[in-house]
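The values are calculated or read from the model by the stated rules, or taken from the named source; none is laboratory data. Please read these numbers as outputs of a predicted model, since none were measured by experiment. Because the Cβ atoms are built from the backbone with ideal geometry, glycine has one as well, and the counts that use them run over all protein chains shown.
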Amino acid sequence: MGFSTDAVHAGQEVDAATGAVSVPIYQTSTYKLIELGKTTGYDYARTINPTRSALERSMAALEKGKAGFAFASGMAAINAIFSMLSSGDHVVLSQNVYGGTFRLINGVLKNFSLGFTFVDTSDIRQIEEAMTPATKMVFVETPTNPVLSLTDIQAVAALCRARSAVLVVDNTFMSPYLQSPITLGADIVVHSTTKFINGHSDSIGGAVVAVRDEHVDRLRFIQKSAGAVLSPFDSWLVLRGIKTLGVRMDRHETNARMVADFLDGHSRVKRVLYPGLDSHPQHELARRQGKGFGAMITFELDGYAAVKRFLDSLTVCTLAESLGGVETLISHPATMTHASVPAEERKRIGITDSMVRIAVGIEDAEDLIADLDSGLTAVGSSAA
Ligand SMILES: *Cc1c(COP(=O)(O)O)cnc(C)c1O
């Protein structure tokens, strides 16, 4: 079946008891046994809930994996993946992974005798050089936030296979509609469903999809044991979002290309980072690796004062963290999403105070461009 047919139907079979077309919200904590020693297959809702199971089947189908697991947040999903490690294990990660992943490692997991090395995973040699006999996992985010640097998933997958390391890809920025890491050789895919998957900025959630039986079994055990499961209501909301994932991503993409072209041609914009532009250093890889270029664009103005005047004058784009919702969100990474990254580290990764990140929504592109245009005009008039 095609992607959008799966998005509408996979894992969401019509309810056998009632014929309900929308998967019901099973708001229950426990289930009655048929008789002593015999359950319906459902015993306690931390372990299994039919609404959550539908979402988990849906995610597994869309990410081409064997099983999916839904968590209370993207961070809970990532924490479950790191819980698969044993003390002494080593992990190589993309140097500008999501800030929350960085905080989880540096503030929590560093106390557990695990080793973490951050490298520029767009350079496969850096991954190879960082790997040791203890390296059990490589964790990649592509494209990265906010500098939109890409990692060649197929090349890293080959390296991981040769070294018996598990390849995990955080696919939040692209969604399974635009990028299919398991098809490219990854073992595990993780999402913050908070972003494009749910798509409406009204739920926090996460999902892990695995393809190998031993990972599936271990993740199921960790999910049940640590218990950071997604609620039935949020599972239902995310399922509702998934049905339109394909049409939303098409629109996000079309808008993003128009916005990127507009910014690229504007005299007050110093630089535009968007994998869909010919000028992006990894444009060819972006073409090869994905079915599109996503809806995240980062661009630079002339200094912090210009950025402030620009952001404060926008009326359609909303000044907020997060991404992937139907509404266009715009942010200043240095003081918002990446404020907790030390200035020196920001500089090393290439995050400047002049950078603005835009997560393009599904509004009319003309209105977004008019808003950005008036913001850029405001920069000029006050600068004089
Ligand atoms: C938002 C995000 C996360 C964390 O997800 P939450 O749902 O906020 O916990 C992880 N990775 C990426 C790339 C994200 O954008």
> Here is a list of conditions, (1) touching a Ser or Thr at 6+ places or on another chain (Cβ under 8 Å); (2) within 16 Å of the ligand (Cβ to nearest atom); (3) more than 26 Å from TYR44 (Cα to Cα), and HIS191 meets all of them except one; can you say which number that is?
Replying inline: (3)
> Only one of (1) away from the ligand (no atom under 16 Å from the Cβ); (2) under 19 Å from ASP353 (Cβ atoms); (3) of a type in the set (D, E, K, R); (4) outside any helix (DSSP H, G or I) fails for ARG309. Which number is that?
Replying inline: (4)
> Which residue, of VAL229, VAL211, is within 16 Å of the ligand (Cβ to nearest atom), over 23 Å from VAL360 (Cβ atoms) and of a type in the set (Val, Ile, Thr)?
Replying inline: VAL229
>> Scan region 241-257 and tell me whether some residue there is within 14 Å of the ligand (Cβ to nearest atom), buried (at least 17 other Cβ atoms within 10 Å of the Cβ) and of a type outside the set (S, T, N, Q).
In response: yes
> Does region 109-121 contain any residue that is surrounded by fewer than 16 Cβ atoms within 10 Å (Cβ to Cβ), polar (S, T, N, Q) and more than 15 Å from the chain's Cα centre (by Cα)?
Replying inline: yes
>> For a quick check of your reading of the model, give me the residue pairs whose first member lies in region 229-240 and is more than 13 Å from THR28 (Cα to Cα), whose second is among the charged types (D, E, K, R) and surrounded by fewer than 22 Cβ atoms within 10 Å (Cβ to Cβ), with beta-carbon atoms closer than 7 Å and at least 6 apart or on different chains.
In response: VAL229/ARG46; LEU237/ASP202
>> Any residue in region 66-83 that is at negative phi and not assigned by TED's automatic domain parsing to the domain that holds TRP236 sitting within a Cβ distance under 6 Å of a residue that is near the ligand (Cβ under 9 Å from one of its atoms) and of a type in the set (Gly, Ala, Ser)? List the pairs, counting only those 6 or more apart or interchain.
In response: none
>> Between ALA295, ALA359, ALA365, ALA334, which is more than 16 Å from the ligand (Cβ to nearest atom) and in contact (Cβ under 8 Å) with a residue 60 or more places away in the chain?
In response: ALA365
>> Please count how many residues of region 55-74 are within 16 Å of the ligand (Cβ to nearest atom) and either of a type in the set (S, T, N, Q) or buried (at least 20 other Cβ atoms within 10 Å of the Cβ) (or both).
In response: 9
>> Take the residues in region 313-326 that are away from the ligand (no atom under 16 Å from the Cβ) and in contact (Cβ under 8 Å) with a residue 24 or more places away in the chain; name whichever of them is farthest from VAL259 (Cα to Cα).
In response: SER313
>> I'd like to check something: does region 357-365 contain any residue that is over 19 Å from the mean Cα position of the chain (by Cα) and at pLDDT below 95?
In response: no
